Amino acid sequence: MEDARIVDLYWARSERAIDETSSKYGKYCFAIAHNILANDEDADESVNDTYLDAWNSMPPHRPAILSTFLGKITRRISIDKWRSRSAEKRGGGEIFLALDELSECISSRNSVEQEIEAAELAKDINDFLRTISLDERNTFVGRYWFLLSVKELSVKTGFSEGKIKILLFRTRKKLKAYLKRKEY
Amino acid sequence: MNNQTILDAIGMIDDRYIVSAQKQLGCIPSEEVSLSAVVSVKHVRRRALIGVAAAVMLLLSSFVTTMAVNEEFRKMVFEFFHITVAENVPNGDDFGDKTHVDLGGGVSAEYIHVGKELTSSGNGILYNINYSENGEISGVSFYQLTGGIVQDIQTNRTEFHVSAGGTSVDGYAYWCLSDDRFAAIGRGQTTDRSKIWEISTISGQSEMVLLSIYSGIEDNLAFYAFWLDLHTGAAEAVFEDDGLCELTHVQEFQVAPNCKYALIRGQSDYDLTDAPYIYNLESGNLLPLLDMTGTENIDKVLWADDDTALLTLKKDNHYICWAYHIQESTMEKTVDEPLLNSDVDGSGGVVDLNGRYLLHVDETGVVAVIDQKDGTRSAAIYGFVYDKRGQILLGADGEKACYFVSAQSSDSLSVETLGVIDFTAAKFTIFDRSGFDQNQELRLGWLDKNSVAISTAGNGADLYVYKFE
């Protein structure tokens, strides 16, 4: 079913909206959640919470690209779940490795205005992503948005794992320099 | 602002970047129904009222995982096989029909006429370097063994031009890639002879190599490094400033397998002692390691894995190893043992393999393996008695070592016993050789990760290849 028709079902408050969402995006959302939580049960839970969030979000939202709308919800829910359950220990999945890699891009000061800062930072990251090559951008998004492992990225892109590591390394270095110029 | 903020910010990036990545990476939603993920609206509403259950066991932390792995290492029992029938080494002048022999115990021998002297890179690629009259490399030829025949591999040449300390450095990297096996060679000096440079491979990389440039006194022994893209010839400086400003007289620059860190041995301005450092390739931070050991100098540094650097010292017939764990920022002495003295009967000690693992030989010759990452010792290898004439050659990946006993004459290695220790499979296989004295055995080395080769001089040079399954 087309995305626009699925969104219409949400607006019409039809229960079929969830069934159609699950049918088309269930595996996709599960994959995102599993990359973060590394656990089937937790990932299932995140996916179910995603459907609830989507039900509560539409209306008023009418996303043009339903996959990214749902993917962002799943990612946010899964990261929050990961944070609350593994604050002190490494909880597996790719998220800890990804955080570790990103730690050098930004100075680490705790801030109570984290949400506001994240929104501001998102704008600058969007501007940054525009300046880099397609391969660098897709690899960066694959690693830090989809939280795919280096091995998975290698399989999906056809690049060697070594090339993936170098692409990520260079992009993080460029991002760090970019954010430094922006006085982060 | 912290790295969690950046992860959240990345979550809010523009949809078109996510869609673009979806297309290239194949992360496009499937139309297939996933029964486990089908949930009715009523069920969703009930869960919203009740709340989400939160009874999931956390995965083991990486620290706990490491301990569990080394508990296994501690209990590891090496299987030892001494193949009973000795190899009857053929004369290189006439192999006859005997070019491939099964020696038993998972070991086979292959005898190959090569016709030229070749050097092994240790991963299945052989090479021969040609030099010009002034001693510079003028060309490299690469080969591989296929079906007992030495075959040419296409040699690629990448020209580079960089500037280091105000000096132009130009040269070529010679490289080949065949069936995922990669080798790269290059070294030279600047025309004014003020700097020397060399190419080295990076673990897991086949498109990029490291170009290291070492300066003389005129440039205060400065060190420069570049990532060299073999396909474009583009060179990107490793250090933000012109060279590594904090250290001089750099002796070693070893990049970790994950390309996040490098191990360096060099001298600082205020202390002319060679000392080890860890350099964070992303942040540019340089961490001195020597003070953390409590000793005055170190012989050697090497990577045990992505997160652990080993520092070793041999002094007064004693061997010490420290392990620096990067994630925990801790330094730990993991080995403190006498060195094995081959001249003294009835003495025990350790044998340095120049890698992560060490052999411990007790007074009776019984051997155990030590993992220097944390000092864990395996169970003894029963059935094997260490021959003090024995020598060890570590494989390229550090997971296997070749053990051989040489009845060394003045012009030949004369290998009378040959074997391989596999540290991860916990297996040690050796066999004896007879008739080796009819050939002049010049070199022994790893051909690839499973094979050891002895090269001989004589009628066109030959390779005696031993494969250990």
(request) For residue A:72, work out the one condition from (1) more than 7 Å from every other protein chain (Cβ to nearest Cβ); (2) closer than 19 Å to residue B:12 by Cβ; (3) not polar (S, T, N, Q) it doesn't fulfil. (result) (1)
(request) Examine the stretch B:154-172 for a residue that is surrounded by fewer than 16 Cβ atoms within 10 Å (Cβ to Cβ) and β-branched (Val, Ile, Thr), and state whether such a residue exists. (result) no
(request) Could you tell me whether the stretch B:217-240 includes any residue that is under 25 Å from residue B:326 (Cα atoms), away from chain A (no Cβ under 14 Å) and modelled with pLDDT under 80? (result) no
(message) What's the number of the only condition in (1) assigned to a loop (DSSP other than H, G, I, E, B); (2) on the phi < 0 side of the Ramachandran plot; (3) not aromatic (Phe, Trp, Tyr) that residue B:177 fails to meet?
(response) (1)
(request) Please specify each residue of the stretch B:313-331 satisfying the condition of being closer than 13 Å to residue B:374 by Cα and in contact with an Asp or Glu (Cβ under 7 Å, 6 or more places away or on another chain). (result) B:320, B:322, B:323, B:325
(request) Name the one entry in A:142, A:162 that is more than 22 Å from residue A:71 (Cβ to Cβ) and either surrounded by 17 or more Cβ atoms within 10 Å (Cβ to Cβ) or facing chain B (nearest Cβ under 9 Å) (or both). (result) A:162
(request) Can you give me the ranges of the strands (runs of 3 or more DSSP E) entirely in the stretch B:79-130 with at least 3 residues that are modelled with pLDDT of 90 or more and crowded, with 16+ Cβ neighbours inside 10 Å? (result) B:107-113
(request) May I ask you to verify whether residue B:167 is closer than 25 Å to residue B:261 by Cβ and free of Cβ contacts under 8 Å to residues at least 60 places away in the same chain? (result) no
(request) State all residues of the stretch B:326-362 that are within 13 Å of residue B:387 (Cα to Cα) and assigned to a loop (DSSP other than H, G, I, E, B); if no residue qualifies, say none. (result) B:340, B:341, B:342, B:343, B:344, B:345, B:346, B:347, B:348, B:362
(message) Return the residues of the stretch B:197-207 that are at pLDDT 90 or above and either part of a loop (DSSP other than H, G, I, E, B) or farther than 23 Å from residue B:143 by Cβ (or both); say none if nothing qualifies.
(response) B:197
(message) Suppose the filter is closer than 14 Å to residue B:10 by Cβ and either modelled with pLDDT under 85 or within 8 Å of chain B (Cβ to nearest Cβ) (or both); does residue A:170 pass it?
(response) no
(message) Which of the helices (runs of 4 or more DSSP H) found entirely inside the stretch A:89-149 contain at least 1 residues meeting this: of a type in the set (Lys, Arg), at pLDDT 85 or above and not assigned by TED's automatic domain parsing to the domain that holds residue A:34?
(response) A:114-131, A:134-144
(message) Of the residues B:243, B:266, only one is surrounded by 17 or more Cβ atoms within 10 Å (Cβ to Cβ) and part of a loop (DSSP other than H, G, I, E, B); which?
(response) B:243
(message) Kindly evaluate residue A:79 against the criterion of being touching a residue at least 40 places away in the same chain (Cβ under 8 Å), in contact with a helix residue (DSSP H, G or I) (Cβ under 7 Å, 6 or more places away or on another chain) and either within 9 Å of chain B (Cβ to nearest Cβ) or surrounded by fewer than 19 Cβ atoms within 10 Å (Cβ to Cβ) (or both).
(response) yes
(request) Check off (1) farther than 27 Å from residue A:167 by Cα; (2) surrounded by 15 or more Cβ atoms within 10 Å (Cβ to Cβ); (3) not aliphatic (A, V, I, L, M) for residue B:218 and give me the number that stays unchecked. (result) (2)
(message) Quick check on residue A:86: is it in contact with a Leu (Cβ under 8 Å, 6 or more places away or on another chain), at pLDDT below 85 and among the hydroxyl-bearing types (Ser, Thr, Tyr)?
(response) yes
(message) Going by what's in this entry, would residue B:267 be described as over 27 Å from residue B:396 (Cα atoms) and in contact (Cβ under 8 Å) with a residue 40 or more places away in the chain?
(response) yes
(request) Select from the stretch B:328-387 the residues that are among the acidic types (Asp, Glu) and surrounded by 14 or more Cβ atoms within 10 Å (Cβ to Cβ) and list them in ascending order. (result) B:332, B:337, B:352, B:362, B:371, B:374, B:387
(request) Within the stretch A:1-35, track down each residue that is of a type in the set (Ser, Thr, Tyr) and either within 7 Å of chain B (Cβ to nearest Cβ) or surrounded by fewer than 21 Cβ atoms within 10 Å (Cβ to Cβ) (or both). (result) A:14, A:22, A:23, A:25, A:28
(request) Determine the pairs where a residue that is in a helix (DSSP H, G or I), located within the stretch B:5-22, has a partner that is surrounded by fewer than 18 Cβ atoms within 10 Å (Cβ to Cβ) and of a type in the set (Asp, Glu) with Cβ atoms under 9 Å apart, the partner being 6 or more residues away or on another chain. (result) B:5/A:115; B:8/A:115; B:9/A:120; B:9/A:124
(message) Step by step: first the residues of the stretch A:36-58, then only those that are polar (S, T, N, Q) and more than 15 Å from residue A:85 (Cα to Cα), then the one that is farthest from the other protein chains (Cβ to nearest Cβ). Which residue is that?
(response) A:57
(message) Any residue at all in the stretch A:37-45 that's at pLDDT below 90, closer than 21 Å to residue A:142 by Cβ, in contact with a helix residue (DSSP H, G or I) (Cβ under 8 Å, 6 or more places away or on another chain) and in a helix (DSSP H, G or I)?
(response) yes
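The values are calculated or read from the model by the stated rules, or taken from the named source; none is laboratory data. Everything numeric in this text was worked out from a predicted model, so none of it was measured. Cβ atoms come from the backbone with ideal geometry, glycine included; neighbour counts cover every protein chain shown.
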